[in-house]
1. State all residues of the stretch 41-54 that are surrounded by 15 or more Cβ atoms within 10 Å (Cβ to Cβ) and under 16 Å from K149 (Cβ atoms); if no residue qualifies, say none.
2. So which residues in the stretch 86-102 are over 15 Å from A114 (Cβ atoms) and out of contact with any strand residue (DSSP E or B) (no Cβ under 6 Å at 6 or more places or on another chain), if there are any at all?
3. If you take the residues in the stretch 68-86 that are outside any strand (DSSP E or B) and of a type in the set (V, I, T), which one is surrounded by the fewest Cβ atoms within 10 Å (Cβ to Cβ)?
4. What is the one condition in (1) at pLDDT 95 or above; (2) part of a loop (DSSP other than H, G, I, E, B); (3) over 20 Å from L147 (Cβ atoms) that I121 does not satisfy?
5. Hey, does the stretch 124-138 have a residue that's under 15 Å from the mean Cα position of the chain (by Cα), within 22 Å of K47 (Cβ to Cβ) and modelled with pLDDT of 95 or more?
6. So, in the stretch 89-118, of the ones that are in contact with a Ser or Thr (Cβ under 9 Å, 6 or more places away or on another chain) and assigned to a strand (DSSP E or B), which residue ends up farthest from L151 (Cα to Cα)?
7. Which one of the conditions (1) in a helix (DSSP H, G or I); (2) more than 13 Å from D53 (Cα to Cα); (3) open to solvent by less than 70 Å² (accessible area, probe 1.4 Å) does L147 fail to meet, given that it meets all the rest?
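The values are calculated or read from the model by the stated rules, or taken from the named source; none is laboratory data. In this text the structure is predicted, and so the values were computed from the model without any measurement. Please note: Cβ atoms are built from the backbone with ideal geometry, for glycine as well, and neighbour counts cover all protein chains shown. Calculation scope for accessible area: heavy atoms of the full protein, side chains included, ligands and nucleic acids excluded. Shrake-Rupley method; radii C 1.70, N 1.55, O 1.52, S 1.80 Å.
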Amino acid sequence: PLREDPREAYTLSSLYKQLNARVLKSQNDGPGAIVIEGDAQVIQTHKTVLIVDEDDVNLRLITRFLERTEFRVVSCSSVEEALERLNRLAVDVIISELNLAKLDGFALKQKLNAEAGYASIPFIIASHNKNERTLTRAYELNVDAVLQKPLYLEEVHGLIKRFTRGRQR
């Protein structure tokens, strides 16, 4: 039922207010979110992956692949945009290109590590330059995986499934 209080009469104003609250809640939680009884309880049906990459081809390829499986994908092209999205959205895994224009993927992970709520989000770095220096820096920042580009989409899918299995937000 739409009424929060069974004694409340169905009025256009009360229905509008309740529906508007549900719409706002679902917009914030995104596709795959089911709102039950007002905005008190939300069931997430899909895990959310945030992808940070300046290359539109890579973004579209990974997004299409993951959306065809069981994941919701949010993409952005900069660290600043990623941080903004994280403030508005619950994310289960982050995949970031290492070499970004202003701040790189390591700078993003470093900023996330400074925030208690974000430090535990599984973080994957993708780069054309996977080498000893990259791996050392990644492990210093507690990056969960470093992938060499071009990516094997099944490897990406498997890592995301492993990192999200049983994960609570």
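1. I51, V52, D53
2. Once the filter is applied, which keeps residues that are over 15 Å from A114 (Cβ atoms) and out of contact with any strand residue (DSSP E or B) (no Cβ under 6 Å at 6 or more places or on another chain), the stretch 86-102 yields R88, L89, A90, N99, L100, A101, K102.
3. Among those residues, the one meeting the criterion is T69.
4. (3)
5. Yes, the conditions are met somewhere in the stretch 124-138.
6. V93
7. Checking L147 against (1) in a helix (DSSP H, G or I); (2) more than 13 Å from D53 (Cα to Cα); (3) open to solvent by less than 70 Å² (accessible area, probe 1.4 Å), the one that fails is (1).
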